[in-house]
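The values are calculated or read from the model by the stated rules, or taken from the named source; none is laboratory data. A quick note: this is a predicted structure, and the numbers were derived from the prediction, not measured. We place every Cβ from the backbone using ideal geometry, glycine too, and count neighbours over all the protein chains shown.
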Amino acid sequence: MQTPLFVQIMHLDKRLTACADLVYGRTVADIGTDHAYIPIALVESGRCGRAFASDIHHGPVERARRNVAEHGLSEKITVLCVPGLQSTEFADCDDIVIAGMGGEMIASILKEGRDRIRANARLILQPMTKPERLRAYLWEHGYRTTDERAVYEGERIYQVFAAEQTGRNTPYTRAEALIGKRQEGDSAYAALVQKTIRTLTARTDAKQGAGRDAADERELIAQLEELL
């Protein structure tokens, strides 16, 4: 099997490759970029013509600047030291990537920077924790999620998905907020559902063993089983 283009260029891991693979526009912003791996891969591959790499901390910003310069891309990738989406530069971006943060943090960044997100911009998101908080924010603020992917990386399964503004809220269950909408035929998605069910089952057993009510867990498990 051929090695994906982004892996060849920047040796991206599977999680970051999945994020880069969901970028379709010509101008992209990578928020919380750290090493600027995603912008470099996208521009170097020709997928994007222009990119912004931003981080709130000076250390990652300097690493990003060095990496961009070493790849000869300083004229095409602008590195910024700003919190979240707090730069007017992002208002012209076709795609905005926010990966490697907690779901609550990503939702907060989107909320605080909503005036700097184009109406037709695509969001590529990869929450490390609390994906349910992020999806709930999106679905309650006129976004629909697309291209939901579950990605194996070692023993962990990461969730990566894109979101687009529609102006209409999306109804959802607790299980869908946690795992995403049903994806038939996706073995990684099925593994994620099953792993989540095992975790909740263990929690349910522990609660019941301690004489505590586990009705919420049982309800969520039932919803998850419907997604298989």
| Name the pairs: first residue in segment 177-206 and within 24 Å of T146 (Cβ to Cβ) and without any contact (Cβ under 8 Å) to a residue 60 or more places away in the chain, second residue surrounded by 15 or more Cβ atoms within 10 Å (Cβ to Cβ) and of a type in the set (S, T, Y), Cβ to Cβ under 6 Å, at least 6 apart or on different chains? | Q183/Y189
| field | Members of segment 156-176 that are without any contact (Cβ under 8 Å) to a residue 40 or more places away in the chain and over 23 Å from E225 (Cβ atoms) | value | T166, G167, R168, N169
| query | Would segment 192-199 turn up any residue that is within 20 Å of the chain's Cα centre (by Cα), assigned to a loop (DSSP other than H, G, I, E, B) and under 18 Å from L134 (Cα atoms)? | reply | no
| request: Return yes or no: is A64 modelled with pLDDT of 95 or more, surrounded by 16 or more Cβ atoms within 10 Å (Cβ to Cβ) and in contact with a His (Cβ under 8 Å, 6 or more places away or on another chain)? | output: yes
| message | Is it the case, given these coordinates, that E62 is under 23 Å from A136 (Cα atoms) and among the acidic types (D, E)? | response | no
| Scope segment 115-133; condition at pLDDT 95 or above, more than 13 Å from the chain's Cα centre (by Cα) and in a helix (DSSP H, G or I); matching residues | none
| said: Condition check: within 16 Å of L22 (Cβ to Cβ), more than 11 Å from the chain's Cα centre (by Cα) and among the charged types (D, E, K, R). Does D95 satisfy that? | reply: yes
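Residue-by-condition table, conditions (1) of a type outside the set (A, V, I, L, M); (2) in a strand (DSSP E or B); (3) modelled with pLDDT under 95:
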{"residue": "G72", "(1), (2), (3)": "yes, no, no"}
{"residue": "E75", "(1), (2), (3)": "yes, no, no"}
{"residue": "T78", "(1), (2), (3)": "yes, yes, no"}
{"residue": "G84", "(1), (2), (3)": "yes, no, no"}
{"residue": "A91", "(1), (2), (3)": "no, no, yes"}
{"residue": "I98", "(1), (2), (3)": "no, yes, no"}
{"residue": "E104", "(1), (2), (3)": "yes, no, no"}
{"residue": "S108", "(1), (2), (3)": "yes, no, no"}
{"residue": "K111", "(1), (2), (3)": "yes, no, no"}
| remark: Exception for V97 within (1) touching a Cys at 6+ places or on another chain (Cβ under 7 Å); (2) of a type in the set (A, V, I, L, M); (3) farther than 19 Å from R133 by Cβ falls at (3)
